[in-house]
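Comments concern the structure below.
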Number of protein chains: 2
Amino acid sequence: MSKYDLALDRCFSALGDPTRRTILQRLARGNATVSELAAPHDMALPSFMEHLKKLEAAGLVTSQKQGRTRVCALSPDAFGPAKDWLSEQSAIWEARLDRFDEYVTHLTQERSK
Amino acid sequence: MSKYDLALDRCFSALGDPTRRTILQRLARGNATVSELAAPHDMALPSFMEHLKKLEAAGLVTSQKQGRTRVCALSPDAFGPAKDWLSEQSAIWEARLDRFDEYVTHLTQERSK
């Protein structure tokens, strides 16, 4: 499997969980400490840390120790590869629908001649 | 968990696998039978069918029996919810970076006065 495929696997899998999406939504609004991120979630800290680890492994989140706290941030262009993949497939799909539309129009015109 | 969250969970999780992404890439180019879809994958048919089932459960693929074969198609606007979620977060994130840029520019101007 290519590096690109592995990166997409990790990214999409990381996005497939509501706790992890909530963390990303929070970080899009600004950096936060682990405790700030964990507060809204009714979850034991080790389980919460597992979610954070997956987001870090997927390259979506970075974290840095500042004194006694750990501050998390959204990675720059975190969503880029996932967005690009989805846009690429949508474009191919839409081009195909356009060609199908043209074909139907052409067929209708031919028949009405 | 809301219906919307569940739909995003299923969609992103379905996208987090290279076999499933290859199936979607193939279907973006046109409908295909199960055998056509399975052919490039070195995988037992039951395992392949599991992947297809996950794509159907996520609302990304539909299939229809035509005589003795089953024809699969990409769902219309299959990638819509996932694309929308990613775009929304990117927009919030970019707006934040813009505000940060403005703040730094303002600070630099204030200091040079």
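None of the figures in this text is laboratory data; all of them are computed from the coordinates on show. Note that the coordinates shown come from a computational prediction; the quantities given were computed from them, not determined experimentally. As a convention, Cβ positions derive from the backbone with ideal geometry for all residues, glycine included, and neighbour counts pool all protein chains shown.
Under 8 Å for C-alpha pairs, at least 6 residues apart: give me the relative contact order for segment A:1-76, rounded to a whole percent. Walk me through the numbers before you get to the answer.
Working: 67 pairs, mean separation 27.4, N = 76.
With pairs under 8 Å counted, the relative contact order is 36 percent.
Using only the alpha-carbon atoms, what does the protein assembly as shown span along each of its principal axes? Please give whole angstrom values in decreasing order.
For the protein assembly as shown, the Cα spread along each principal axis is 76, 45, 34 Å.
Output wanted: per-residue J couplings in Hz (rounded whole) for segment B:4-16, from phi through Karplus 6.51 cos²θ - 1.76 cosθ + 1.60, θ = phi - 60°, x for Gly and Pro.
Running phi through 6.51 cos²θ - 1.76 cosθ + 1.60 with θ = phi - 60° gives 4, 5, 5, 5, 5, 4, 5, 5, 5, 5, 4, 6, x Hz.
Give me the net charge for the shell around B:A28: Cβ to Cβ below 12 angstrom, other residues only, Lys and Arg +1, Asp and Glu -1. Walk me through the numbers before you get to the answer.
Working: positive: A:R96, B:R21, B:R26, B:R29; negative: A:E88, A:E94.
Around B:A28, the surrounding residues sum to +2.
Given Cβ point charges of +1 (Lys, Arg) and -1 (Asp, Glu) and nothing else, what value in debye, to the nearest 20, does the dipole of the protein assembly as shown about its Cα centre take?
340 debye
How big, on average over all directions, is the shadow cast by the Cα convex hull of chain B, in nm²? Intermediate results must be reported in sequence, preceding the final value.
Working: hull surface 43.0 nm².
Result: 10.8 nm².
Looking at segment B:17-113, how many pairs of lysines come closer than 24 Å at the Cα, when each pair is eight or more places apart or spans two chains?
Number of lysine pairs found: 4.
So how far apart, in nm, are the two label points at A:Y103 and A:A7 if each is 7 Å from Cα heading toward Cβ?
Roughly 3.5 nm, to one decimal.
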